[in-house]
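**Student:** Quick one: the structure is below, and I'll ask about it shortly.
The values are calculated or read from the model by the stated rules, or taken from the named source; none is laboratory data. All values reported here derive from a predicted model rather than from experimental measurement. Quick reminder, even Gly has a Cβ in these numbers, built from the backbone with ideal geometry, and neighbours come from all protein chains shown. Ligands, DNA and RNA are stripped out before the accessible areas are found, and what is left, the full protein with its side chains, is counted by its heavy atoms. Shrake-Rupley method; radii C 1.70, N 1.55, O 1.52, S 1.80 Å.
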Amino acid sequence: MKYEIIIFDADETLFDFKRSERDAIKNAMLEFDIAYDENHHLKIYQDINTTIWKEFEEGLITQQALKIERFKRLSAQLNLYFDEAEFAKSYIKYLSLASFLYDDTMALVESLHKDYRLTIITNGLTHVQDHRIRKSIIAKYFEDIVVSEEVQVSKPDPKIFEYALNNIKHTDKRKVLIVGDSLTSDIQGGINFGIDTCWFNPNKIANKTGITPTYEISNLMDLKDIL
């Protein structure tokens with residue numbers, strides 16, 4: 001086998017984060033007695049959240065600061081007053097309880113676990129990912145689950161990949177593949193670290209970034225063909 005270690009991203013690769021996000025923002029707004037309209041509120045929040053996590057990847061904001069800053073921006077854009085810090089706590093509470101796998105995730109991970117060493121690197125908040133990922137039904141198949149907030153370094157920084165491989169005592173980069181949905185985080189991170197990369201692109205969006213993955217798949221189970 002060419003590869004021995006497979007590093008997976010978690011959200012939007014193995015886990016349906018958009019569904020978790022949808023549940024969490026709805027429940028937080030209802031808890032704060034905001035008349036929730038998914039067609040209106042969800043899109044606004046998702047745009048804000050996507051932007052702020054890109055800022056985090058680029059080193060423009062800390063993970064600690066973004067927890068509340070995204071809800072400050074949401075409050076301002078919706079022209080609503082609420083305590084952003086308390087709203088952030090509510091959102092995190094509901095998000096941590098929302099763990100949903102993609103349809104093919106369980107079958108893929110169960111199959112790969114027999115022949116490969118599996119690990120996860122996720123750019124996420126410790127409390128959220130500890131509940132959603134580490135306590136999920138697939139956690140037992142992974143040797144380690146590395147959460148960026150916990151180790152104070154995040155993808156695409158190669159240091160988080162080095163940390164992950166050190167944890168499982170593996171040194172040969174030629175035997176490592178990362179699989180993830182984000183070109184700027186997972187794929188660029190893999191390139192920065194010097195390992196092969198597999199871009200999970202289920203919506204078959206055009207790659208206009210200049211970041212070139214080693215492989216590209218649109219279905220999770222297609223990963224087995226590569227391996």
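**Student:** Taking amide H positions as placed in the peptide plane 1.01 Å from N, state which residues far from Asp144 in sequence (5 or more) or on other chains have amide H under 5 Å from it.
**Tutor:** Amide H to amide H, under 5 Å and 5 or more residues apart or across chains, Asp144 pairs with Ile120.
**Student:** Take the solvent-accessible surface of the protein heavy atoms, probe 1.4 Å, and return the percent of it on the chain that carbon and sulfur atoms account for. Spell out each step's value before the answer.
**Tutor:** Details: 5180 of 11000 Å².
Here it works out to 47 percent.
**Student:** If you don't mind, another one. Of Leu60, Ala164, Val128, which is farthest towards the positive pole of the chain's charge dipole, taken about the Cα centre with +1 and -1 on the beta-carbons of Lys, Arg and Asp, Glu respectively?
**Tutor:** Ala164
**Student:** Work out how much length Lys204 to Ser111 would gain on full extension: take 0.36 nm times their residue separation and subtract the Cα-Cα distance, in nm to one decimal.
**Tutor:** Details: separation 93, 0.36 × 93 = 33.48 nm, distance 2.48 nm.
Gain in length upon complete extension: 31.0 nm.
**Student:** Return the distance in nm (one decimal) between the two label points of a simple spin-label model at Ile226 and Glu38, each offset 7 Å from Cα along Cα→Cβ.
**Tutor:** 3.2
**Student:** Right, something else. Gln63 versus Val153, label points 7 Å from Cα toward the beta carbon: distance in nm?
**Tutor:** Each label point lies 7 Å from its Cα, and together they span 1.3 nm.
**Student:** Determine the gain in length on full extension of the stretch Asp103-Ala139; use 0.36 nm per residue of separation and subtract their C-alpha separation, reporting nm with one decimal.
**Tutor:** Details: separation 36, 0.36 × 36 = 12.96 nm, distance 1.61 nm.
Roughly 11.4 nm would be gained on extension.
**Student:** Further, regarding this structure: If R₀ is 30 angstrom, what is the calculated FRET efficiency for the pair Asn219 and Ala76, using the beta carbon separation as r and rounding to 0.05?
**Tutor:** FRET efficiency, Asn219 to Ala76: 0.15.
**Student:** Rg and Dmax in Å for segment 1-84, alpha carbons only: what are they?
**Tutor:** Calculated on Cα positions, Rg and Dmax stand at 15.8, 57 Å.
**Student:** Send over the semi-axes of segment 25-153's equivalent ellipsoid, whole angstrom and largest first, taken as the square roots of 5 times the C-alpha gyration tensor eigenvalues. Before the final figure, lay out each step's value.
**Tutor:** Numbers: eigenvalues 186, 60, 31 Å².
Semi-axes, largest first: 31, 17, 12 Å.
**Student:** Looking at Asn192, Ala88, Ile34, which one has the Cα that reaches farthest to the positive end of the dipole of the chain (charges on Cβ: Lys, Arg +1; Asp, Glu -1)?
**Tutor:** The Cα lying farthest towards the positive end belongs to Asn192.
**Student:** Same structure again: For Lys169 and Asn192, what does the FRET efficiency come to when R0 = 22 Å and r is the distance between their Cβ atoms, rounded to the nearest 0.05? Show your work: numbers first, answer last.
**Tutor:** Details: r = 22 Å, r/R0 = 0.98.
Efficiency, rounded to the nearest 0.05: 0.50.
**Student:** Could you work out the helix-only [θ] at 222 nm for the chain, with each DSSP H run of four or more residues adding -39,500 (n - 2.57) and the total divided by the number of residues, to the nearest 500 deg cm²/dmol?
**Tutor:** Details: 10 runs with 101 residues, N = 227.
Mean residue ellipticity at 222 nm (helix-derived): -13000 deg cm²/dmol.
**Student:** Tell me the trypsin sites (Lys or Arg not before Pro) within segment 92-145 that lie in a loop according to DSSP and have at most 13 other beta-carbon atoms within 10 Å. Write down the numbers at each step before the final one.
**Tutor:** Working: sites: Lys93, Lys114, Arg117, Arg132, Arg134, Lys135, Lys140; in loops: Lys114, Lys135.
Sparse-neighbourhood loop trypsin sites (Lys or Arg not before Pro): Lys114, Lys135.
**Student:** Another one. Which of the peptides 159-165, 172-178 is most tightly packed, and how do the rest follow, going by the mean number of other Cβ atoms within 10 Å of each residue? Don't skip to the end; give the middle numbers.
**Tutor:** Values: 159-165: 19.9, 172-178: 18.0.
Going from most to least packed, we get 159-165, 172-178.
**Student:** Right, here's the next one. Select from segment 69-149 those chymotrypsin sites (Phe, Trp or Tyr not before Pro) which occupy a DSSP coil region and have at most 11 other Cβ atoms within 10 Å, ordered by residue number. Don't skip to the end; give the middle numbers.
**Tutor:** Values: sites: Phe71, Tyr81, Phe82, Phe87, Tyr91, Tyr94, Phe100, Tyr102, Tyr116, Tyr141, Phe142; in loops: Tyr81, Phe82, Phe100, Tyr102, Tyr116, Phe142.
Sparse-neighbourhood loop chymotrypsin sites (Phe, Trp or Tyr not before Pro): Tyr81.
**Student:** Which value, in debye to the nearest 20, gives the size of the charge dipole of segment 22-121 about its Cα centre, when Lys and Arg are +1 and Asp and Glu are -1 at the Cβ?
**Tutor:** Numbers: 12 positive and 17 negative charges, 37 e Å.
Roughly 180 debye for segment 22-121.
**Student:** Right, another one. Quick check on segment 108-227: take the gyration tensor over C-alpha atoms, sort the square-rooted eigenvalues as a ≥ b ≥ c, and tell me if it's rounded (a/c under 1.5), prolate or oblate. Could you put the intermediate results ahead of the total?
**Tutor:** Values: a/c = 1.34, a/b = 1.18, b/c = 1.14.
Judged from the Cα gyration tensor, segment 108-227 comes out rounded (a/c under 1.5).
**Student:** With a 1.4 Å probe and every protein chain left in place, work out the accessible area per residue of the chain in Å², rounded to a whole number. Walk me through the numbers on the way to the answer.
**Tutor:** Values: 11000 Å² over 227 residues.
In whole numbers, the chain has 48 Å² accessible per residue.
**Student:** Based on the Kirkwood radius over alpha-carbon pairs, what is the Stokes-Einstein translational diffusion coefficient of the chain at 25 °C with 0.890 mPa s viscosity, in µm²/s?
**Tutor:** Working: Rh = 18.2 Å.
Roughly 135 µm²/s, to the nearest whole number.
**Student:** Something else about it: Got the relative contact order for segment 28-181 handy, in percent, Cα pairs under 8 Å and 6 or more residues apart?
**Tutor:** Working: 130 pairs, mean separation 27.0, N = 154.
Dividing the mean separation by the residue count of segment 28-181 yields 18 percent.
**Student:** Can you list the HN-Hα couplings for segment 78-88, worked out from phi with the Karplus curve (6.51, -1.76, 1.60; θ = phi - 60°), rounded to whole Hz and with x for Gly and Pro?
**Tutor:** With the stated coefficients, segment 78-88 comes to 8, 6, 10, 9, 8, 6, 4, 5, 5, 5, 4 Hz.
**Student:** Still on this structure, I have one more. Which Cα, out of Ser182, Ser148, Leu112, lies furthest along the positive dipole direction of the chain (beta carbon charges, K/R +1, D/E -1)?
**Tutor:** Comparing the listed Cα positions along the dipole, Leu112 ranks first.
**Student:** Moving on to the next point. So how far apart, in nm, are the two label points at Asp47 and Lys2 if each is 7 Å from Cα heading toward Cβ?
**Tutor:** It works out to 4.1 nm between the two label points.
**Student:** Nearest 20 debye, what's the magnitude of the dipole of the chain about its Cα centre given +1 on Lys and Arg Cβ and -1 on Asp and Glu Cβ?
**Tutor:** Details: 28 positive and 37 negative charges, 63 e Å.
The calculated dipole for the chain is roughly 300 debye.
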